[in-house]
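One structure is given below, encoded as structure tokens.
We did not get these values from a lab; they are worked out from the coordinates using the rules stated. The structure displayed is predicted, hence computed values, not measured ones. We place every Cβ from the backbone using ideal geometry, glycine too, and count neighbours over all the protein chains shown.
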Amino acid sequence: METTLVIIRGNSGSGKTTLAQALQRRVGHHTLLVSQDVVRRDMLMSHDYPGNISIGLIEQIACYGLGRVPVVIVEGILARDRYGEMLARLSQSFPRVLTYYFEVSFATTLARHQKRHRDFGVEDMRRWWLPHDTLDVANEVLIDEQQDLTTEVQQIMTAMYDCD
């Protein structure tokens, strides 16, 4: 089985988790979703710092899906300086890789965050903010704040399956 790796990254509140979950529902059965927050915060109760224990576990979980499921989605802030090397290794391991980055303003992420349950505030989000933290890999697609969820999901589905 050929497995496609979909990497979805962006700042807190950008829409990456919502997109990843919607994509998983759309692709359906046996789609492996590896969420940075679930692995790092929920499973390991680890803070996000260079070399944190979640980096290797995210990689191992994603690699488990290689050849076993049609699609593996890895999503999170996944800051380039901390996760970039791991994402590069994953990208070399999978036969097909689609990379997306939410390039949205701080004001947009703040507005989106305020619509949901708040675990943290404006100052936390400002401290975590990483402007234009792209991976600078071939075919990395930037998602802007003008796109809606339906369009985003369809864009990825089209890239995966060459469908409408």
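Numbers below:
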{"item": "5 angstrom amide H check on SER46, placed H, neighbours 5+ away", "result": "ARG41"}
{"item": "Within the range 1-28, backbone nitrogen closer than 11 Å to the virtual label 7 Å beyond the Cα of TYR161 toward Cβ", "result": "26-28"}
{"item": "Value of [θ]222 nm, deg cm²/dmol, for the chain, DSSP H segments ≥ 4, -39500 (n - 2.57) each, nearest 500", "result": "-12000 deg cm²/dmol"}
{"item": "For VAL71, distant residues with modelled amide H under 5 Å away", "result": "THR4, LEU32"}
{"item": "Kyte-Doolittle mean at least 0.0, axial Cα span of 15 Å or more - DSSP H helices of the chain", "result": "54-65, 149-161"}
{"item": "Extended-chain gain in nm, criterion 0.36 nm per residue less alpha-carbon gap, THR18 and GLN154", "result": "47.6 nm"}
{"item": "Nitroxide proxy distance, nm - points 7 Å out along Cα→Cβ at ASP144 and ARG68", "result": "4.0 nm"}
{"item": "Within the range 4-161: Cβ-based charge dipole about Cα centre, in debye rounded to nearest 20 (Lys, Arg +1; Asp, Glu -1)", "result": "400 debye"}
{"item": "Share of alpha-carbon pairs per 5 Å distance bin for the range 4-161, given as whole %", "result": "2, 9, 19, 23, 23, 16, 7, 2, 0"}
{"item": "Pairwise FRET efficiency - ARG25 versus ALA88, Cβ, R0 = 30 Å, nearest 0.05", "result": "0.60"}
